[in-house]
1. Scan the range 279-300 residue by residue and report those that are farther than 15 Å from D259 by Cβ and assigned to a loop (DSSP other than H, G, I, E, B).
2. Based on what the data block shows, is R322 outside any helix (DSSP H, G or I), basic (K, R) and surrounded by fewer than 18 Cβ atoms within 10 Å (Cβ to Cβ)?
3. Pick out the one residue from V558, V575 that is crowded, with 21+ Cβ neighbours inside 10 Å, of a type in the set (A, V, I, L, M), in a helix (DSSP H, G or I) and in contact with a helix residue (DSSP H, G or I) (Cβ under 7 Å, 6 or more places away or on another chain).
4. Which ones in the range 708-738 are of a type in the set (F, W, Y) and closer than 19 Å to H590 by Cβ?
5. Do we find that R247 is farther than 28 Å from R5 by Cβ, assigned by TED's automatic domain parsing to the domain that holds G68 and among the basic types (K, R) in this structure?
6. Name the single residue that is surrounded by the most Cβ atoms within 10 Å (Cβ to Cβ) among those in the range 417-443 being among the acidic types (D, E) and more than 17 Å from R562 (Cβ to Cβ).
7. For the condition under 29 Å from the mean Cα position of the chain (by Cα) and outside the structural domain of A519 (by TED's automatic domain parsing), what is the one hit in L459, L426, L445, L381?
8. Going through the range 594-632 one residue at a time, which ones are without any contact (Cβ under 8 Å) to a residue 40 or more places away in the chain and in contact with a Leu (Cβ under 7 Å, 6 or more places away or on another chain)?
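The values are calculated or read from the model by the stated rules, or taken from the named source; none is laboratory data. Nothing here was measured: the structure is a model prediction, and the numbers come from that model. Every residue, glycine as well, gets a Cβ built from its backbone with ideal geometry; the counts of neighbours run over all protein chains shown.
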Amino acid sequence: MAVSRASVVDQNFTQVVASLSPASPRTDLDSPVRPGARLTARGALQLFESMLSSRHLDLASRDLKARGESFYTIGGSGHEANAAVAAALRPTDPAFLHYRSGGFYQERARQVPGTSPLFDVLLGCAASADEPIAGGRHKVFGSLSLNIPPQTSTIASHLPKALGAALTIDRCRRLSLPLDIPYDSIALCSFGDASSNHSTATGAINAACWASFQNVPAPVLFLCEDNGRGISVNTPKGWIHANWSRRPGLAYFYGDGLDLVDAYRAATEAVEHVRRTRKPAFLHLRVVRMLGHAGSDVEQLYRTAAEIEADEALDPVLSTARMLIDEGWQSPGQILALNEELRERCAALGEEAISRPKIETAEQVVRPLAPIDEQALQAHLRQPMDLAARKAFWGPRLPEDDRARHLAMQLNRCLGDALVRYPEALIFGEDVARKGGVYHVTADLTKRAGVARVFNTLLDEQSILGLALGAAQLGCLPIPEIQYLAYLHNAEDQLRGEAATLQFFSQGQFRNPLVMRMATYAYQKGFGGHFHNDNSIAVLRDIPGLIIASPSRGDDGVGMLRTCLALAKTSGSVVAFLEPIALYMTRDLHEPGDALWSTTYEPTHHVPLGRGRTWGQGQDLTLVSWANGLWMSLRVAKRLEDEHGIRCRVLDLRWLAPLPVEDLLREAKATGRVLVVDETRKTGGVSEALFAALVEGAFTGPMKRVCGHDTFIPLGAAANLVLVQEQDIFDAALELSR
């Protein structure tokens, strides 16, 4: 059986400290802790207590795990000098932390009265419902009062939103928008050396350099805690310095986290640089990983005893204790007394933590996932817009004074009104500014609102969504644009792992409301191939709490977008707004020039969340679809009646999450026959959920579906071989009606 290294490290600390000889005692605590140090003795003593507190949290969580009472044992042993970074920052600086940040968390909490960081962390380890940030849903470092948004076991996925927050601080100052933190705040995000290789990390740091290169304020401090390995894989010696020390626009600082004095020096220099210049910096902090990756990680399987012992000999908590004793600020007895006091305190708090209630019902688990405040939503939607402000934005001729227009134009007008109504609204993405988007949906909005509110980003979807998340957490209402559905897959974890989880892991204390607009689906007459005709949205429908809106024409586009913005504003909702590319410029429905797909602009119109729209009152067959499928289904419905006397009603789902199940069942039972027209794929498509809802709703009539093939979309006319066609719908409807 492997030896418990936690016990070895703990005993080694006690034995070494007890063996040290005391120096002449000193009491001038505001003097440098050692000659030439920037850190005072008073500061060093405070930091040492934060470091030692973090160490005892690791030991306590492992003791509780051995009894089956702790469910999270990834600790910060060997990383405790990150407390020095917390000391260099202000408690108002947003901090996006990784899971080895125990020292940082304890030190920041020390700066804010009324906190209980030891107990809070142990409640998290014990998965107690009383844990104040996540309520037992995960062990996280997070606190509203400490300006630490909760992070789970991220691998660099928090870097884009940390940069987003940094970029937003100065943008809010420029726009005179209120912030809950000072305008000279900076954002910090911490991560490990192994995580620095992740595409999300490299993308976020590159985006910071891109901004800095153009003198765009980006006050973010990237803290890389380099312990030399990612679980069992070693980081090549010198790699972090070689890779990050010479990036344009990125200042590089190095500190030895095994020497608290040097760690504090490097941290203060880095923080001062970022705060003064408003440019990003990379703080490379040397640390050591002790006690393995986690409690379940048996290091002896992939490391020799000599290697493990060599790392344990570098213990930064022990080296700090030795320095305090050597310089006369503490005696060995004082250090040992504090050590035992913290051991006893953590043990007692651990016993209390495991006695606290656990989550007991599924309802408790999902309660904070994506709450909708219906009363606040309706009140918000009833608020009138400022007519004078609208005229100042649009000029004397308002959008509602114009003739009927297509979907793209109506969305443009709704986005313009959103900029008027919400001073904190920001529209951004690749090509959205002067070009007005690939399909001109954002045309002229930069000219009307200014480049501070409607602006281009670099070509990186992770950074686009990260900017949205960071901006939202600081009180803005971001409306990011992703050019095509296929490009979302580069960044979908920013929605799944970050955006959708924030309210869940903070019990609603933190929010990142956003409405992500995206050109979606296929039917571009064979142009563009798969990357511009992706027809699968399964990855979105699988994200808990994500609202998915999918309008088909201008009036619904305006009404649904207005509802989505109100949901984001009142409930912190995260929304994917899917715009069908092929219907952007569509004006007609049945015949050229009939203008039946053009609509006038209604500035107060909104569409209820999760409610569909029924076209026609036929009693023979119900067609169920949305987006391009709706347009085709309406055309087929007319043909069925004209050629065969089959009278249909067509249900436009409009919302793909939550699905309008009540409307679906009502319209299905009205005719007793249902044909689902699903332009996505047969496997993983929306029709699977619709059939399940019909069966669960006790619908017993015949059902049929037409779907896209399980394939990517090719170029040219071959695309029509795998996408749903009007003739497919017509033939299936005839068969179902027999």
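1. The answer is K279, P280, R289, M290, L291, G292, H293, A294, G295, S296, D297, V298.
2. Spelling it out, it is not the case that R322 is outside any helix (DSSP H, G or I), basic (K, R) and surrounded by fewer than 18 Cβ atoms within 10 Å (Cβ to Cβ).
3. V558
4. Passing the criteria: only F730.
5. yes
6. Looking at residues that are among the acidic types (D, E) and more than 17 Å from R562 (Cβ to Cβ), I get E430.
7. L381
8. Scanning the range 594-632 gives L596, W615.
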